[in-house]
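Peer 1: Pasting a structure here, questions to come.
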Amino acid sequence: MKQVTHDFTDMYLGIDTKFFRTFIDLFKKPEAVILGYMNGRRVNYMDAMRYLLLALFVTGIYTFVLKNTGAFDQILASQQEVYSQMNYSPEQMEMTNKFNEEFGKYAFDFQGFFLLLTIPFLALIARISLWGKRYFNFTEQMVFYMYAYGHSVIVTTPFTIITVLIFPQAVMYVGFVGFPLLIIYIIYCYKRCFNLDNQSLILKALISVLVSITLMIVVGIILGILSILIGIILRTTGVV
């Protein structure tokens with residue numbers, strides 16, 4: 001326990017720890033953290049995987065708060081009020097509330113997995129959008145998002161937790177603010193890493209939007225085909 005306490009203090013506590021330097025410099029000079037890690041300069045900052053694992057730990061705290069403070073039930077109740085104002089029928093409200101409740105519980109159980117799955121998906125989009133030797137390869141894009149996406153989670157989740165505890169009805173609107181801020185931060189990191197001008201940034205951003213839409217359509221089609229095939233197999237074998 002003495003060694004664990006010493007390691008934890010050395011890594012996270014205090015203003016001159018690796019975590020504090022990584023956290024601050026990902027705001028001030030993200031290229032120093034990201035490019036430094038890729039170039040083997042890893043003494044001053046936390047490594048990418050450990051920083052992402054810290055982001056997973058933070059999301060775990062958020063899940064714990066939602067489950068154990070009754071905030072999730074309040075969120076469902078506030079959603080029900082919104083559906084009522086939209087003139088949902090009782091049957092529609094019942095089906096929608098049941099779906100939201102089941103999906104929420106499922107998302108809680110696999111939240112860490114979804115976060116990990118997001119990293120390669122974003123890296124693939126970025127690799128296609130930023131093609132060429134000048135830019136990161138796929139593995140380097142993974143490192144980039146371990147830092148950039150992990151950092152956004154660490155920064156925004158405490159504010160989300162505070163919102164849950166004080167005004168849970170507003171949690172459903174947090175994403176409308178957090179997602180644009182994430183996009184702006186990622187663009188800022190790319191600009192610092194590659195010294196891109198504004199014209200190049202706008203062009204690459206538009207390309208990434210098109211790539212994202214295309215990939216989501218492709219994934220949706222594949223999942224739809226798989227669900228149909230599974231349904232046919234289950235009916236053929238008499239399972240359903």
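The values are calculated or read from the model by the stated rules, or taken from the named source; none is laboratory data. Please read all numbers here as calculations on a predicted model, not as lab measurements. For neighbour counting, all protein chains shown are included, and Cβ atoms are generated from backbone atoms with ideal geometry for every residue, glycine included. Ligands, DNA and RNA are stripped out before the accessible areas are found, and what is left, the full protein with its side chains, is counted by its heavy atoms. Shrake-Rupley method; radii C 1.70, N 1.55, O 1.52, S 1.80 Å.
Peer 1: Kindly indicate whether Ile162 is of a type in the set (A, V, I, L, M), at pLDDT below 85 and loosely packed, with under 12 Cβ neighbours inside 10 Å.
Peer 2: yes
Peer 1: Would you confirm whether any residue within segment 2-16 is surrounded by 12 or more Cβ atoms within 10 Å (Cβ to Cβ), modelled with pLDDT of 65 or more and over 24 Å from the mean Cα position of the chain (by Cα)?
Peer 2: There is no residue in segment 2-16 that is surrounded by 12 or more Cβ atoms within 10 Å (Cβ to Cβ), modelled with pLDDT of 65 or more and over 24 Å from the mean Cα position of the chain (by Cα).
Peer 1: Scan Phe23, Phe64, Phe19 and give me the residue that is at pLDDT 90 or above, open to solvent by 40 Å² or more (accessible area, probe 1.4 Å), part of a helix (DSSP H, G or I) and closer than 26 Å to Phe113 by Cβ.
Peer 2: Phe23
Peer 1: With the requirement that a residue be open to solvent by 80 Å² or more (accessible area, probe 1.4 Å) and among the β-branched types (Val, Ile, Thr), what does segment 188-208 give you?
Peer 2: Ile202
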